[in-house]
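Please find one structure pasted underneath; my questions will follow.
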Amino acid sequence: MTVRHEEHPTTHEHVHGPTCGHRAVPHGDHTDYAHDGHLHREHSGHWDECEPAGHVAHDGHAHEHGVGCGHQSVEHGDHLDYVHDGHRHAEHEGHWDDH
């Protein structure tokens, strides 16, 4: 899965970190911070939107996410992602996508 390199607008003056008050979400080799329905990641001295490029279905995922599933949920645009094994899953047309 590739991630688009889309820098967050320079008007974003908030600095994310362990005490910023936003949910920290492990994502592969970095940490995203959930803020206003989207996720930011630190990259080369600025903050990027951490959004997947394209549609990546998570094959062989038998676990059904939802209330009480034991995985952290995070708002992401118009849906919920579930944090699972260092990445996020989102329900999409009868299967789970990697986000």
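The values are calculated or read from the model by the stated rules, or taken from the named source; none is laboratory data. This one's a predicted model, so the numbers in the text were calculated from it and none came from an experiment. With ideal geometry, Cβ positions are generated from the backbone for all residues, glycine too; neighbour counts draw on all protein chains shown. The accessibility values were calculated without ligands, DNA or RNA, using every heavy atom of the protein model including side chains. Shrake-Rupley method; radii C 1.70, N 1.55, O 1.52, S 1.80 Å.
Looking only at residues in the range 74-99 that are in a loop (DSSP other than H, G, I, E, B) and at pLDDT 75 or above, which one is nearest to D36 (Cα to Cα)? Steps first, please.
Narrowing the range 74-99 to residues in a loop (DSSP other than H, G, I, E, B): 77-78, 85-86, 93-94, 99.
Those left that are additionally at pLDDT 75 or above: 77-78, 93-94.
Working: G77: 8, D78: 11, E93: 25, G94: 26 Å.
Filtering first and then ranking leaves G77.
Take the residues in the range 1-58 that are among the hydrophobic types (A, V, I, L, M, F, W, C) and either part of a loop (DSSP other than H, G, I, E, B) or modelled with pLDDT under 75 (or both); name whichever of them is nearest to the chain's Cα centre (by Cα). Give the steps one after another, and end with the answer.
Of all residues in the range 1-58, those among the hydrophobic types (A, V, I, L, M, F, W, C) come to 1, 3, 15, 20, 24-25, 34, 39, 47, 50, 53, 56-57.
This time we only want the ones that are either part of a loop (DSSP other than H, G, I, E, B) or modelled with pLDDT under 75 (or both), so: 1, 3, 15, 20, 50, 53, 56-57.
Values: M1: 13, V3: 11, V15: 17, C20: 17, C50: 7, A53: 13, V56: 14, A57: 15 Å.
Ranking the candidates gives C50 first.
Do the conditions hold for G66, that is, is it open to solvent by 40 Å² or more (accessible area, probe 1.4 Å) and either in a loop (DSSP other than H, G, I, E, B) or of a type in the set (G, A, S) (or both)?
Answer is no for this residue.
Shifting gears a bit: Counting just the residues of the range 59-73 that are touching a strand residue (DSSP E or B) at 6+ places or on another chain (Cβ under 6 Å) and modelled with pLDDT of 75 or more, which one comes out farthest from V15 (Cα to Cα)?
To start, the set of residues in the range 59-73 that are touching a strand residue (DSSP E or B) at 6+ places or on another chain (Cβ under 6 Å) comprises 61, 65, 71-73.
Next cut, modelled with pLDDT of 75 or more only: 65, 71-73.
Values: H65: 31, H71: 26, Q72: 23, S73: 22 Å.
The residue in question is H65.
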